[in-house]
1. Given the Cα atoms of the range 397-454, and with Rh set as the inverse mean 1/r over their pairs in the Kirkwood sense, what is Rg to Rh to two decimals?
2. Please list 147-156, 357-366 highest first by mean number of surrounding beta-carbon atoms within 10 Å per residue.
3. Please say if the range 393-524 is rounded, prolate or oblate, where rounded means a/c under 1.5 for a ≥ b ≥ c the square roots of the C-alpha gyration tensor eigenvalues, and otherwise the choice is prolate for a/b larger than b/c and oblate otherwise?
4. Among 225, 428, what is the fewest-to-most ranking by other Cβ atoms within 10 Å?
5. Quote to one decimal, in nm, the extra length available between residue 249 and residue 294 on full extension: 0.36 nm per residue of separation minus the C-alpha distance between them.
6. Based on the mean of other Cβ atoms within 10 Å per residue, sort peptides 212-221, 413-422, 440-449 so the most packed one is first.
7. Relative contact order for the range 393-524 using alpha-carbon pairs under 8 Å, separation at least 6, rounded to a whole percent?
8. For 170, 99, what ranking results if the residue with the fewest other Cβ atoms within 10 Å of its Cβ goes first?
């Protein structure tokens, strides 16, 4: 009765256990308890169900197990249950015709009870019991109890295996989601972030989270040498020689300390990613970790290469802009100021030779007028370079002065609609230069009569529009117009957007910039 109660109590407990190792240990413990066996073992069949792939024991200490050597493989008496799948009771296992005997160091065993463990109609393993207490043989009650226990165990084992499979699939799914999130973050960075430093920090942060590393570092080739440029987590960086080797060969390297993979973009390696594990934490990185980090590194390499290209283009555009400005002011000074000073020199030379006092005074007055004119021209040039009103009075007065000057000099009818307040200095400069360049283009190329300038500052963004009624042009054919390219680049640098439309009815430039710079946006 006690044994029956124990089995009834055990069933729900065993079935509720979801850890397979705990289920098997509980099975061996309970089998010994309800039969009085000194030793218990569980043989787990291999995939072909022809022998044992694992052999778990209870009652045999580590020293004895070491003396015995290799575990049995399911031959001899143990093989009978493997082949027959029926319970087997023996009063003396050593006297059975198929007994191979015991290896040296094996404890003596006589009484024997073996019961198969069946899962879904197929053999999964066998439960073996030996040495019933008091030297008595196992009886029919022991056999029925162990058969019942094996039935409970089969359900518990199947539940635990399903749970482990579900947990494994959940972990794989979670890993896949982390990989997708990390790769998506890199993809978003390609479209929204052009700072190499920001992208590199994002890469190491995401990479560390992706595979649960203690530290992840990114190393890039700069100046012919590979150097660590970003890192996340606390640990010593991997040896430079190892990073160089992976960079040179383009092949991943994995050992007990960490994982290093190349960052490849198209046909070239732009750098390497190195992940270091925590020696006191997780196990060494796995094949799945390596595959995940290699895939992540490919996306990271694309982001890095794109950012590097954008930065090179930005530097090239900046240099071209500076050179274009130098040529512009060289033309202004040569065509206007230098020629006027040459004429003034001739006038003063003539005045120096003039004997008539009245004529001399007339020539001097003309020279003074020329000097005043050139002073005004130089002030206009200085204003174009950096208007004092922008620093002293603010954006709105500076724009009003700009419009007034262009309207007066170029003979244009310019209508303004300005609603502004004090803004970030970089944003104010961007808006001023955008309107200035738009008006310059209109004056030089549009042959327009009427122009409207609208600048409205909202709570979060400033909307700018410059419209003319000129002859227009084909925006798609503008491959060399640095003025438009410079406008786009300047707006992009503060995180704004620019749209240009043009046709027979004129040209419209629209821009939207944040009231606080947000950093450059790619693809403008």
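1. That ratio equals 0.97.
2. Answer by packing, highest mean first, reads 147-156, 357-366.
3. Verdict is oblate for the range 393-524.
4. So the residues, fewest neighbours to most, are 225, 428.
5. This chain segment gains 14.8 nm when fully extended.
6. 212-221, 440-449, 413-422
7. Taking the mean separation of contacting Cα pairs over the length of the range 393-524, I get 24 percent.
8. Fewest-to-most Cβ neighbours within 10 Å comes out as 170, 99.
Any read-out appearing in this document is the output of simple, stated calculations on the displayed coordinates, not a laboratory observation. As the structure is a prediction and not an experimental result, all values here were calculated from the model. Note that we place each Cβ from the backbone using ideal geometry, even for glycine, and neighbour counts take in every protein chain shown.
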